[in-house]
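The values are calculated or read from the model by the stated rules, or taken from the named source; none is laboratory data. Values in this document were obtained by computation on a predicted structure and should not be read as measured data. Please note: Cβ atoms are built from the backbone with ideal geometry, for glycine as well, and neighbour counts cover all protein chains shown.
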């Protein structure tokens, strides 16, 4: 006998099953909303990270440009410093050379002055010797040697001895003819 009415036990089981499915659906819907909210949050975080990455890349590129600029400036400064050092070394070497030259010049002037003083002294002694009747005792030994060598040289020139001919080879033709006659 089939009855048109379903059994109450079956009906309760179907209702319980439907209620369970409805609760599961509600739980799944709530979880889906949570997942959607998490997905939206992750997408916004990803967008923030992409913006941050772009900003960091831009800063890195700017830093790299500044670093290159600093390196170029440092190279220019190093080049300028080496040029300055080289110029300073050249100037110091030139200064040393000039000081050496000045020292040598001073030594030569001092030597020349000493020689001039010696010649003046000898001339003075010789003049005094020639003026005084007993002048031999007044001359120094170096003055006597110089006077002897000078007088011997002039005697040879005047006498026309063979040694004087060697000295007079560089003379003029008129002086040679005077010597021969």
Could you please let me know if residue 128 is assigned to a helix (DSSP H, G or I), at pLDDT 75 or above and touching a helix residue (DSSP H, G or I) at 6+ places or on another chain (Cβ under 9 Å)?
yes
Quick check on this structure: which one of 151, 164, 142 is assigned to a helix (DSSP H, G or I), modelled with pLDDT under 75 and under 60 Å from the mean Cα position of the chain (by Cα)?
142
Within the range 10-33, is even one residue at pLDDT below 95 and outside any helix (DSSP H, G or I)?
no
Would you call residue 102 at pLDDT below 75 and either on the phi > 0 side of the Ramachandran plot or part of a helix (DSSP H, G or I) (or both)?
no
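Quick grid of which residues meet (1) closer than 25 Å to residue 148 by Cβ; (2) touching a helix residue (DSSP H, G or I) at 6+ places or on another chain (Cβ under 7 Å):
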| position | (1), (2) |
| --- | --- |
| 102 | no, no |
| 110 | no, no |
| 114 | yes, no |
| 122 | yes, yes |
